[in-house]
Amino acid sequence: MSVMNARRRPLIAGPALAGASVLSLLTLSACGSGSAGTTEDGKLSVLASFYPMEFLAERVGGEHVSVTTLTQPGVDPHDLELTPRQTAELTEAGAVLYLKGMQPAVDDAIKQSGAEHVVEASALAEAAAGGGAEPQGGRTDHGPDEENHGDAGHDDHGHGEHGHGEEHGDHGHGEEHGDHGHGEEHGEHGHGEEHGEGEPTGDEPASDEPTEEDAHEGHDHEHDHDHDHGGKDPHIWLDPVQYAAVAEGVGEALAKADPDHAADYRKNADELSAELEQLDTEFEQGLSNTATDTFITTHAAFGHLAARYGLHQEPITGLSPETEPSGARLKELHTIAEEDNVSTVFFETIASDRTAKALAADLNLDTDVLDPLEGITDASRGDDYFAVMRANLEALQKALGAK
């Protein structure tokens, strides 16, 4: 199994994923003793909930699987409504790959389907993340209450003459950041108090127990709209480390569903994991020294990516791309853009770009695409996961002033 950079924890604790430990991380239920569903030509029938799961199924399954996706290109996966035929396909499939909390309709249908082999990705990703960096949304360290959101205020983010690179130094990502990292140790850099117990997840504001009298009430309100994600950012595939852990788990699940080709599934998973390791290295090196670490996005889809590479996303809205921002949130973004030297407002390929472009025009900022990779369309800057992720890296390097 491929292992990530030695400075960070391995993708999954333990020497191998082939044992019972990985199966305990899969929502793998045996509701019957029959063989897995296959197509007429004998391939394992795999049903994926949306593109990131479809990509894993195709790459890990290879020539031995036939993959169908529930979410067609160009459709916002958050809003998917299943047809009766799609619901029936869940029961007929030899394996089902989905991400709990991303698509409520899929979650409900899987509960009722009785599918024999169901792989739920978030448990595998959580094992990779471990106790390391948490996904984060916008900050609330601006305005009259600034002294309550960090020891040094907003000026000591490490943006100045020391740059973003010094903070990375030899401290890596996740739990090994020490006092100079990002993610859960932002407190010493003015991004909020130390994130111990009760650390915010998803796009919850990073302040400690905001009150109704808080000057950032509008910002807090916007982040209450979590699009049924339970307040947690489900976009785990935007962190290559977590995505690699899911890939390894998919290999084990397919091996169980189709034992005759188990060796091929595990080999494919290892190869994909190695490619994701390389992608992680490219992001780490490409974003290690930037003029600013803050970027503005349409919605809070990039918390896992930001946490992995020591960045700060500032979403216009919360986890729902359809939510309209409040006037207070837009005012706060004006302040953030000025104080953090933000150059670009990012929009997406599927969600509306109207609010992002209006905000950019008000602030005289550039606009660019940062793709949450919820699906591949003709507007995507690449035809698969790796191509689009590398396009995202280039966009972030340009916007953040990578050196």
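For region 269-332, the relative contact order is 26 percent, taking Cα pairs closer than 8 Å that sit 6 or more residues apart in sequence and dividing their mean separation by the residue count. If you sort the three axes of the alpha carbon gyration tensor as a ≥ b ≥ c, you get a/c of 1.5 or more for region 257-403 and a/b above b/c, which makes it prolate. Which residues does the label zone of GLU339 cover in region 283-316, counting backbone N under 16 Å from a point 7 Å along Cα→Cβ? Correct set: 292-296, 312-315. Summarising the amide proton neighbourhood of ILE376: residues at separation of 5 or more, or on other chains, whose placed amide H is nearer than 5 Å comprise GLY74. Largest to smallest in accessible area, the residues LEU330, LEU90 fall in the order LEU330, LEU90 (1.4 Å probe, all protein chains included). For LEU97, the residues 5 or more places off, or on other chains, whose built amide H falls under 5 Å of its own are LEU47, ALA48, SER49, VAL119. The GluC sites (Glu not before Pro) of region 43-117 that meet both conditions, a loop assignment by DSSP and at most 11 other Cβ atoms within 10 Å of the site Cβ, are GLU81. Pairs exceeding 18 Å between alpha-carbon atoms, taken from LYS357/LYS403; LYS111/LYS256; LYS43/LYS256: LYS357/LYS403; LYS111/LYS256.
The values are calculated or read from the model by the stated rules, or taken from the named source; none is laboratory data. Because the structure is predicted, anything quoted here is derived from the model rather than measured. Glycine also receives a Cβ, built like all others from the backbone with ideal geometry; neighbour counts cover every protein chain displayed. To get the accessible areas, we keep the full protein, side chains included, count just its heavy atoms, and leave off ligands, DNA and RNA. Shrake-Rupley method; radii C 1.70, N 1.55, O 1.52, S 1.80 Å.
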